[in-house]
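Here the structure comes first, spelled out in structure tokens, and everything after it is commentary.
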Amino acid sequence: MHNNIPVVKLGLVATSRDCFPIALSAKRKAALIDAYTKAGGEIVDIPTIIENENDTMKALEEVKAAGCNALVIFLGNFGPEGPETMLADKFGGPCMFLAAAEETQEDLFDGRGDAYCGMLNASYSIALKNLKNCYIPEFPVGTADELAALIFEFIPIATVKIGLADLKVFSFG
């Protein structure tokens, strides 16, 4: 019997607001990949971290070269909403948006200040561009372990979106 359920090949692209150290996004992306793979997931680490439109085009090339058909766009430290939503638009396949919980000197976990501002800007930009391929979970900001669990929840969503995108319906009569 032929299996017609698409296989999701997931890529992870991090973003970084250019007024923050890019190393922070790289560190947080590595922690997310580690948490996801330790939990049994497979994900392609896209090396380019997006700070501007040029980075977007480079990351898109890397995503295509890796054969990814779904993306997690990860705001490692807020993120530039224009370039990150440009990636989602040009990619066209299912995209999930997540953000790292901010770390502050006073509060490293409980009572932390989260990157809700970056997610708010991203969600607004997604709506302005009328992007239908983007998914933002109910609580999209968290620690690496929390976000890894959300990525697992995205796999069936991406599977359905990929399957429906290629669906052909024939009717007779």
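Would you say residue 46 is over 18 Å from residue 137 (Cα atoms), surrounded by 24 or more Cβ atoms within 10 Å (Cβ to Cβ) and under 13 Å from the mean Cα position of the chain (by Cα)? Taking the combined requirement at face value, the residue satisfies it.
Condition check for residue 30 on (1) at pLDDT below 95; (2) aliphatic (A, V, I, L, M); (3) closer than 16 Å to residue 142 by Cα: one failure, at (1). Pairs linking a residue in the stretch 15-37 that is without any contact (Cβ under 8 Å) to a residue 24 or more places away in the chain to a residue that is outside any helix (DSSP H, G or I) and open to solvent by 70 Å² or more (accessible area, probe 1.4 Å), with Cβ atoms under 6 Å and 6 or more positions apart or on different chains, are 33/45. Among the residues of the stretch 103-129, those identified as under 19 Å from residue 31 (Cβ atoms), outside any helix (DSSP H, G or I) and either among the aliphatic types (A, V, I, L, M) or at pLDDT 70 or above (or both) are 108, 115.
Check 89, 55, 18 and return the single one that is part of a helix (DSSP H, G or I) and either modelled with pLDDT under 95 or surrounded by fewer than 19 Cβ atoms within 10 Å (Cβ to Cβ) (or both).
Numbers: 55 fails: either modelled with pLDDT under 95 or surrounded by fewer than 19 Cβ atoms within 10 Å (Cβ to Cβ) (or both); 18 fails: part of a helix (DSSP H, G or I).
The match here is 89.
The values are calculated or read from the model by the stated rules, or taken from the named source; none is laboratory data. Since we're looking at a predicted model, the values are computed, not measured. Glycine gets a Cβ as well: all are built from the backbone with ideal geometry, and neighbour counts include every protein chain shown. These accessible areas exclude ligands, DNA and RNA; they are computed on the full protein's heavy atoms, side chains included. Shrake-Rupley method; radii C 1.70, N 1.55, O 1.52, S 1.80 Å.
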